[in-house]
1. Could you pull out the residue among Ala85, Ala107, Ala66, Ala76 that is crowded, with 24+ Cβ neighbours inside 10 Å, outside the structural domain of Ala212 (by TED's automatic domain parsing) and not aromatic (Phe, Trp, Tyr)?
2. For Ala276, all conditions in the list (1) of a type in the set (A, V, I, L, M); (2) surrounded by fewer than 17 Cβ atoms within 10 Å (Cβ to Cβ); (3) at pLDDT 55 or above; (4) assigned to a loop (DSSP other than H, G, I, E, B) hold save one; what is the number of the exception?
3. Looking at segment 310-328, which of the residues that are out of contact with any helix residue (DSSP H, G or I) (no Cβ under 7 Å at 6 or more places or on another chain) and over 29 Å from Val213 (Cα atoms) is surrounded by the most Cβ atoms within 10 Å (Cβ to Cβ)?
4. Going by what's in this entry, would Leu96 be described as over 22 Å from Gly311 (Cβ atoms), surrounded by 24 or more Cβ atoms within 10 Å (Cβ to Cβ) and aliphatic (A, V, I, L, M)?
5. Take Arg55 and decide whether it is among the basic types (Lys, Arg), under 17 Å from Ala125 (Cβ atoms) and either surrounded by 10 or more Cβ atoms within 10 Å (Cβ to Cβ) or at pLDDT below 50 (or both).
6. Quick test for you: out of Phe118, Phe135, pick the one residue that is free of Cβ contacts under 8 Å to residues at least 40 places away in the same chain, touching a helix residue (DSSP H, G or I) at 6+ places or on another chain (Cβ under 8 Å) and not hydroxyl-bearing (Ser, Thr, Tyr).
7. What tally of residues in segment 198-218 results from selecting those that are out of contact with any Leu (no Cβ under 9 Å at 6 or more places or on another chain) and either assigned to a strand (DSSP E or B) or more than 23 Å from Pro138 (Cα to Cα) (or both)?
8. Restricting to segment 122-144, name every residue that is in contact with a Phe, Trp or Tyr (Cβ under 9 Å, 6 or more places away or on another chain) and more than 30 Å from Ala293 (Cβ to Cβ).
Amino acid sequence: MPLPRATLSPGLAAALLLLGLAAGPGAQAQTAAPAAPVAPEVIVATAPINSPLGRWGTAFVERLKAEAGTAAAQAATGGALPNSALLQSGRVAIGLVSLDVGTAAWAGRSPMAPGLKFDHLRALAPVAPAAVLRFVAPAARGIADAAGLAGKRVALATDDAMTEPMLTALGITAKLRRMPLSETAKQLAADKIDAVAVTGLDPFVLPPELAAVTIGLSAPDVAKLAEAIPGVAAAPVPLPPPAPVAPVAPVAPVEAPAVDPAAADPAAPAPAPVAAAPQALPPSAGMWTWLVATDALPEDVARRATEIAIGEAGPLAEAAGFDPVPALDPLTNRALPFHRGAAAAWAAHGVTLPADRVQ
């Protein structure tokens, strides 16, 4: 649904031109005969097509298409940053935006257009955590929780922008060392680091000889972070699968000596191989991605889109390949105002949004 907007700033216009969408989705050359009128199309900016968020977006658009009277199309993009710019310009109607990006855009600090307040963005519903913080440490280090990282040498990825502010908000001072995560196993084995901070959505695995534990964040830690950092909320840690059990080699049968049946004890069943119990899924905190609309999206469409995100959260997560996510809580959003259509959808699900957060 291309939507009219004021003239774009030069920086934002250039960014949209690079995305190939500055002329508006579906722009075509003029023909002599006027085109037949068609229903407005809702363009949904998602993410790279083979990424989890891209798969979520594909499944969401298919469901939106199935709604009566809603023509929808997917625009696969680079993710939250370009999506925020496309929403602000009105070139797309709905997009996936992580709340850290949304917070910066609303405040005029987006790198897409520094100094321009992206005031056309409106929140609809949470989708999934885009990044989940957890720590992996050899079991021999004896680190049991995040507080145990104080003073420890903690490796984090070179592009990790999440771990340091979260540790700061928790009052934990660790010795942070940036490096490619592919080097951390060698650094742990050489006793040069004590733990690894991981923020991606994929499970993080150390070699089998480094028996490791995955450490999340306690409920009080998560509450403290959610209060300090907009967009952060509880999220489950993606754990690697348990190690497979080695098969037991078959033993050739041997003839047993004769035994008096009256004197024999009942035969005990042969012990079955026992798998190591998987580690319980630790809770933690993640920066959430939200479904965001432009303020010009009609209320009925915004309501239908929000209803799909809420009511079909499980099937959408399954289509994306996400781990099960916690119950969707719209009140964790303190970054963007809500669309009026979203407020109506949440009210139908028993959640009343604060009036001053709806525009």
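The values are calculated or read from the model by the stated rules, or taken from the named source; none is laboratory data. Model, not experiment: these values are computed from the prediction. All Cβ positions, glycine included, derive from the backbone under ideal geometry; neighbour counts span all protein chains shown.
1. The conditions single out Ala85.
2. It is condition (3) that Ala276 fails.
3. Step by step, filter segment 310-328, then rank; the result is Ala313.
4. No, not satisfied.
5. Against the criterion (among the basic types (Lys, Arg), under 17 Å from Ala125 (Cβ atoms) and either surrounded by 10 or more Cβ atoms within 10 Å (Cβ to Cβ) or at pLDDT below 50 (or both)), Arg55 does not qualify.
6. The unique qualifying residue is Phe118.
7. Number of matching residues: 1.
8. Passing the criteria: Arg134, Val136, Ile143.
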